[in-house]
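I have placed the structure first, in the form of structure tokens, so that the comments after it can refer back to it.
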Amino acid sequence: MEKAKPLFCFAHRGYSQRATENTLQAISHALEYAIDGIEIDVWNVGGQLLVVHDRRLGRLLAGRQLITDMSPEILQQMPLPCGDTIPSLREVLELVGSQVQLNLELKGSDCAALVASELEAYVRDCGGCFEQYLVSSFDHRQLYHSLQLLPQVRRGVLLASVPLDLASCAEALQAYSVHLSLNIACVEMIEDARKRGFKNYVFTVNELEDLQLIATMGADGVFTDQPQLVIEYNASKAVPF
């Protein structure tokens with residue numbers, strides 16, 4: 001029986017087991033490993049693109065405010081548990097360079113235009129490649145906006161439930177990939193997406209048993225908080241990408 005193929009490995013918010021998620025430290029630690037990509041979260045805060053997950057303070061930063069009600073300059077001065085601070089998208093782009101793929105998840109509202117502008121500027125100024133980037137979101141309207149603004153950048157459709165028409169929603173977005181929650185990943189959904197020409201990535205997969213299950217279902221890759229686990233799993237597989 002043919003072995004399952006290795007799984008494309010996105011380090012979820014960098015390597016958050018080694019430094020606070022979404023920080024330059026966490027991303028640097030992830031880049032020390034043989035990963036394929038890094039996933040980050042992007043918010044529009046006062047017209048600036050900041051790399052942070054939570055809409056409200058309280059989990060990693062003291063306070064209760066909505067981050068969109070704050071000054072980006074003040075927000076970026078607040079120390080995170082690892083001692084680092086919230087980076088800008090440009091800082092992350094410069095750190096990652098051309099080393100791996102970068103998945104930008106659009107959080108909140110009004111991110112698409114700013115992200116398109118930032119990516120255009122970075123590729124122009126630094127000689128990057130649009131194909132290195134993947135813009136994803138649960139807000140499919142922002143993905144559609146991204147398609148209109150910067151079609152050269154691939155789109156990943158985030159799903160936390162199984163739509164009645166399966167992966168057809170990704171067709172109108174001319175998506176590259178469908179990103180499925182581990183809780184709803186199933187063979188039917190994965191096969192339907194593949195038949196429509198989309199890659200299948202599953203989030204967030206941190207257990208060996210789940211890696212094996214996802215691979216058996218035929219998924220192409222995973223987002224993980226445990227990159228070393230996925231690397232070791234892939235090392236046991238003989239079939240290259």
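Determine how large the accessible area of Met70 is when every protein chain is in place; take a 1.4 Å probe and give Å² rounded to the nearest 10.
Looks like 30 Å² after rounding.
Write down the percent of antiparallel bridges among all DSSP beta bridges whose residues are both part of the stretch 1-104, to the nearest 5. Mind dumping the intermediate values first?
Values: 6 of 13 bridges.
Among the beta bridges of the stretch 1-104, antiparallel pairing accounts for roughly 45 percent.
How far is it, in nm, from the label point at Glu232 to the one at Glu32 when both lie 7 Å from their Cα along the line to the Cβ?
1.6
I'd like to know how the chain sits against the 2.2 N^0.38 Å rule of thumb: what's its Cα Rg over that expected value? Could you put the intermediate results ahead of the total?
Values: Rg = 17.5 Å, N = 241, 2.2 N^0.38 = 17.7 Å.
Taking N as the residue count of the chain, the ratio is 0.99.
Which percent, to the nearest 5, of DSSP beta bridges fully inside the chain are antiparallel?
Details: 6 of 38 bridges.
The antiparallel fraction comes to roughly 15 percent.
Who wins for biggest fluctuation among Arg155, Arg90, Arg124 in a Gaussian network model of the chain, springs between alpha carbons below 10 Å?
Judging by the Gaussian network model, the answer is Arg124.
With the Cα gyration tensor of the stretch 117-241 giving a ≥ b ≥ c as the square roots of its eigenvalues, does the rule (a/c under 1.5 for rounded; else a/b larger than b/c for prolate; else oblate) give rounded, prolate or oblate? Mind dumping the intermediate values first?
On the way: a/c = 2.18, a/b = 1.32, b/c = 1.65.
In terms of gyration-tensor shape, oblate.
In whole Å, largest first, what are the principal axis extents of the Cα atoms in the stretch 160-201?
25, 17, 14
State the volume of the convex hull built on the alpha-carbon positions of the stretch 55-186, expressed per residue in Å³ and rounded to an integer. Provide the component values of the computation, followed by the final result.
Values: hull volume 18.7 nm³, N = 132.
Per-residue hull volume (Cα only) is 141 Å³.
Residue-wise, which Karplus ³J(HN,Hα) couplings in Hz belong to the stretch 155-165, taking 6.51 cos²θ - 1.76 cosθ + 1.60, θ = phi - 60°, and x for glycine or proline?
Taking θ as phi minus 60°, the curve returns 10, x, 8, 7, 9, 10, 8, 8, x, 4, 9 Hz for the stretch 155-165.
With a cap of 14 neighbouring Cβ atoms within 10 Å, and only residues DSSP puts in a loop, list the GluC sites (Glu not before Pro) found in the stretch 171-241. Provide the component values of the computation, followed by the final result.
Details: sites: Glu171, Glu188, Glu191, Glu207, Glu209, Glu232; in loops: Glu207.
Answer in residue order: Glu207.
Between the stretch 64-108 and the stretch 152-208, how far is it from one alpha carbon centroid to the other, in angstrom?
26
The values are calculated or read from the model by the stated rules, or taken from the named source; none is laboratory data. These numbers come from a predicted model, not from an experiment. Heads up, the Cβs are rebuilt from the backbone with ideal geometry, glycines too, and the neighbour counts pull from every protein chain shown. Accessible surface is based on the protein model in full, side chains and every heavy atom, while ligands, DNA and RNA are left aside. Shrake-Rupley method; radii C 1.70, N 1.55, O 1.52, S 1.80 Å.
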